[in-house]
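Shown next, in structure tokens, is the structure this report addresses.
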Amino acid sequence: MRADFEHVATPPEMSWAHREFRQQAFDFSWHLHTELELTLITHGTGTRIVGTSIESYRPRDLALIGPEVPHAYVSTPGTSRHEAIVIQFRRDFLGMEFFQRPEFTAVGRLFDRSTGAVVFDVTADVADQIRSLSGLPPTERTLSLLRLLTGLAADERARPISVEGTLGELSQPARRRADAVCAFLQDAYTGPVSLAEVAAVAHMSPPALSRFFRHTIGRTVTDYVTELRVAAACQLLRDSDLPVATIAARCGYENLSNFNRRFRAVKDMSPREYRRVIARP
């Protein structure tokens, strides 16, 4: 697998791309492109990986991902039917200075904030607005996209994601190696993970793998696995009534105290506190 540079093709009648994905599963596949990307999850749950950020997603998760930021969406193992709407456009798709004009500078500032990504938890109305794009003629579709971007720029609940690391600047061989390691961890994080196993995937010694991973991903292998596990735990805490101990075991923690400690280190609260917070109206 590779963190591929994706060439975004646009139809002759459009200056931006609009695609709908319906798949049994979204498999780990790192890619990046020069366009900004809006991705709306319409069905399914899983993990959103943007650069070095790892978070869970569910329906109505909307992310604006910046140019040349490696990203991937990975379905929750054992689930089926996953759907997303992806909109890709260059910052200047309406002209070099369009978003510098007074009435659209807020959208320009939104683009500035998306050097990593900006995440929105949108309403059903906004999700329906995005779904309706496919049925519109090109002119109306572009005007509707502009209205959508204007509305998102005014959303005070929008949450920027800071992206660290050098993934987008790596050589192709280094990116392939990093991608293979991350794909392995995505499949293995629910069980025991040894540094020797991970190093074998990269055809490196454990010390060399540790240095390479910290340099390219910006964290240790242990920290990365912890974030994968915590993201999966957050999804289960939010979307199920399973006991915390059961969730811990499903996410790779045999010891409940260790799970609580790791969860708090990432989220600044315990799993039970997290469940209470997200249950508030």
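Read the figures in this text as sums done on the coordinates, not as results from a lab. Worth saying up front: this structure is predicted, and the values here are computed from it rather than measured. Heads up, the Cβs are rebuilt from the backbone with ideal geometry, glycines too, and the neighbour counts pull from every protein chain shown.
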Least to most buried among Ile65, Ile130, by other C-beta atoms within 10 Å and fewest first, runs Ile130, Ile65
Relative to the chain, whose Cα atoms define the longest principal axis, helix 172-188 and its Cα axis are tilted in degrees, nearest 10, by 60
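For the peptides 247-258, 97-108, what is the packing order when you average, over each peptide's residues, the other Cβ atoms within 10 Å and list the highest mean first?
247-258, 97-108
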Per the charge dipole of segment 4-161 (beta-carbon charges, Lys/Arg positive, Asp/Glu negative, Cα centre), the residue among Thr39, Pro59, Pro11 reaching farthest to the positive end is Pro59
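Fewest to most neighbouring Cβ within 10 Å: what's the order for Cys182, Cys234?
Values: Cys182 26, Cys234 23.
Listing Cys182, Cys234 from fewest to most nearby Cβ atoms yields Cys234, Cys182.
Report the net charge of residues surrounding Val126, where surrounding means a beta-carbon distance below 13 angstrom and charges are Lys +1, Arg +1, Asp -1, Glu -1.
Working: positive: Arg60, Arg131, Arg147, Arg157; negative: Asp61, Asp121, Asp125, Asp128, Asp155.
Once all neighbours under 13 Å are counted, the net charge is -1.
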Output for segment 23-106: trypsin sites (Lys or Arg not before Pro) sitting in coil per DSSP, at most 16 other Cβ within 10 Å, listed by number, reads Arg60, Arg81, Arg90
At q = 0.11, 0.16 1/Å the base-10 log of I(q)/I(0) from the Debye formula over the alpha-carbon atoms of the chain is -0.67, -1.33
The size of the Cβ-based charge dipole (Lys, Arg +1; Asp, Glu -1) of segment 1-127 about the Cα centre, to the nearest 20 debye, is 220
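Compute, for the chain, the length of the dipole vector about the Cα centre, with Cβ point charges of +1 (Lys, Arg) and -1 (Asp, Glu) only. Units Debye, rounded to 20.
Result for the chain is approximately 780 debye, rounded to the nearest 20.
By count of other Cβ within 10 Å, fewest leading, how are Glu20, Glu37 ordered? Spell out each step's value before the answer.
Working: Glu20 13, Glu37 24.
In order of increasing Cβ crowding within 10 Å: Glu20, Glu37.
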Reduced to Cα centres, the span from segment 182-245 to segment 66-134 in Å works out to 27
Taking 24-33, 136-145 and ranking on average Cβ neighbours within 10 Å, highest first, one gets 24-33, 136-145
